[in-house]
Amino acid sequence: MRIAAPEADRPANRANDGCTDGKGRFWFGTMRNNVAPDGAYLDIHESTGVLYKVEAGPRIVAMDGGVGISNAICWSPDHRTMYFADTLLGAIHAYDFDLELGAISNKRLFAKLDRHGYPDGATVDADGYVWNARWDGGSLVRFAPDGSVDAVIAIPASRVTCCAFGGDDLDTLYVTTSRLHLTEQELATQPQAGGIFALKPGVKGLPRPAFAG
């Protein structure tokens, strides 16, 4: 059921990633659509995406703009830092986060790598480390709270799209991948592309509140 159309004036845009904060507000980002009706790839010529906050009502508020591809919305365990990636830039940004007000400030670069593909979806573990899926990187990268690389875990698919902790103890990390636009030759070398993987990384995740609206 559609509850709102915040970008009715941007018909070439679509939503791409979202997550609830510690108070149950839903945050999501948009991007210029890059998939044609027949499944063909469309180039992204403009950074027309926006980061939105959805509160009860629903009330939808634009929080940041000029985004190429929205991804990796997640928060530190103390709710004081919010992470948000622009895959088109290959960059993960951090903001200061006010949990009570649902406000962001002090945007800064958190991490940008010249290897391991591009940042896609992400989650944060109970120790405050950011787990980031790497599109065209065939891996997960675990970033320390200071943005340095703590670990790289190979995944048998090049297009790793997102990760989330689950299980009764939140100690299983589930990883999604894509086979979109891979050639027959590429699929032959990575037959598990498009699959969902599970691993035990030795750390636990954080519970995520349901939408409060």
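Checking each residue in the range 126-162 for being in a strand (DSSP E or B) and either in contact with a helix residue (DSSP H, G or I) (Cβ under 7 Å, 6 or more places away or on another chain) or among the small types (Gly, Ala, Ser) (or both) picks out Ala133, Ser139, Ala151, Ala154.
Checked against (1) more than 22 Å from Asn132 (Cα to Cα); (2) out of contact with any Lys or Arg (no Cβ under 6 Å at 6 or more places or on another chain); (3) surrounded by 15 or more Cβ atoms within 10 Å (Cβ to Cβ), Met31 passes all but condition (1). Selection within the range 80-114: residues that are in contact with a strand residue (DSSP E or B) (Cβ under 9 Å, 6 or more places away or on another chain) and in a loop (DSSP other than H, G, I, E, B). The member of this set that is surrounded by the fewest Cβ atoms within 10 Å (Cβ to Cβ) is Arg80. Within the range 163-175, residues that are in the same structural domain as Gln192 (by TED's automatic domain parsing) and part of a loop (DSSP other than H, G, I, E, B) reach partners that are among the charged types (D, E, K, R) and at pLDDT 95 or above with beta carbons closer than 7 Å, at six or more positions or on different chains, in the pairs Asp169/Lys204; Leu170/Lys204; Asp171/Lys200; Asp171/Lys204. Against the numbered list (1) in contact (Cβ under 8 Å) with a residue 60 or more places away in the chain; (2) surrounded by fewer than 15 Cβ atoms within 10 Å (Cβ to Cβ); (3) under 25 Å from Gly213 (Cβ atoms), Glu55 comes up short only at (2).
Just to check your reading of the model, which residue among Ala122, Ala144 is exposed (fewer than 15 other Cβ atoms within 10 Å of the Cβ), in the same structural domain as Ala198 (by TED's automatic domain parsing) and of a type in the set (Gly, Ala, Ser)?
Of Ala122, Ala144, the one residue that is exposed (fewer than 15 other Cβ atoms within 10 Å of the Cβ), in the same structural domain as Ala198 (by TED's automatic domain parsing) and of a type in the set (Gly, Ala, Ser) is Ala144.
The values are calculated or read from the model by the stated rules, or taken from the named source; none is laboratory data. As the structure is a prediction and not an experimental result, all values here were calculated from the model. Glycine also receives a Cβ, built like all others from the backbone with ideal geometry; neighbour counts cover every protein chain displayed.
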